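Have a look at the structure below before the remarks.
Read-outs throughout are calculated quantities, based only on the coordinates presented, and are distinct from any laboratory measurement. Worth saying up front: this structure is predicted, and the values here are computed from it rather than measured. Every residue, glycine among them, receives a Cβ derived from its backbone with ideal geometry; neighbour counts consider all protein chains shown.
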Amino acid sequence: MAHSFLIEAGYWHVTGYWLKPNLAPILLEGGIKIDWKRANWFKLTTSLTCDDETRTEIIYQYRGNLNYEAKHYTYVAQHSLLGNIEGEGRLGQQSIIQYYWFIGTGSKHKGLDTYVCLDQNTYYLTSNILDGHSIKQTIEATLRR
């Protein structure tokens, strides 16, 4: 299946849950906007609002470069809760997988996201933040164009 998320410019509506240890799931919603600046360069902007006590906002911006032939991309990002990030991703047959690490923090935090293509207009996201070998938090969400 050819991917539409990330590959095509556009807006995706996000609904899902933020899962933290020992807490009830926190409803979240928002959107992801994808722009292409040049042939291989993309910008991805995410804005999510969580339905918790403080209405936490999660905002992050990626700037990346996609190698179409290798189906591989690299990116840098700024995350409102986690700081500066570097990462890489791979386009699979039915999913997009990206791995990232936090820079300038001295921590062992890393992340792994999987976007599973359900159809051309729907993806399912699982995003995990790891501290060493432990999962610290997870976001599960559906993305709809």
Exercise for review: Could you run the Karplus curve 6.51 cos²θ - 1.76 cosθ + 1.60 with θ = phi - 60° over the range 2-18 and give me ³J(HN,Hα) per residue in whole Hz, x for Gly and Pro?
Suggested key: 6, 7, 10, 5, 6, 6, 10, 5, x, 10, 10, 7, 10, 9, x, 9, 9
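Using the Cα centre as the reference, give the magnitude of the dipole from point charges on the C-beta atoms of the chain (Lys, Arg: +1; Asp, Glu: -1; all else neutral), rounded to the nearest 20 debye. Before the final figure, lay out the partial values.
Working: 14 positive and 14 negative charges, 73 e Å.
The calculated dipole for the chain is roughly 360 debye.
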Review point. Between Ser107 and Tyr124, how many nm apart are label points set 7 Å from Cα along the C-beta direction?
Key: 2.8
Point to revise | Under the Karplus curve 6.51 cos²θ - 1.76 cosθ + 1.60, θ = phi - 60°, whole-Hz ³J(HN,Hα) for the range 128-145, x wherever Gly or Pro sits | key: 10, 9, 10, 10, x, 9, 9, 7, 8, 7, 9, 10, 10, 8, 10, 10, 10, 7
Revision key, fill the gap. Surpassing 21 Å at the alpha-carbon level, of the pairs Lys43/Lys71; Lys108/Lys136; Lys33/Lys136; Lys20/Lys108, are Lys33/Lys136
Check your understanding: Tyr11 label point, 7 Å along Cα→Cβ, cut-off 16 Å on backbone N: hits in the range 47-85?
Key -> 47-49
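Please sort by residue number the GluC sites (Glu not before Pro) in the range 64-131 whose DSSP state is loop and whose Cβ has at most 10 other Cβ atoms within 10 Å.
Values: sites: Glu69, Glu86, Glu88; in loops: Glu69.
In loop regions of the range 64-131 (DSSP not H, G, I, E or B), the sparsely surrounded GluC sites (Glu not before Pro) are Glu69.
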Review point. For Arg55, Arg90, what's the fewest-to-most ordering of other Cβ within 10 Å of each Cβ?
Key: Arg55, Arg90
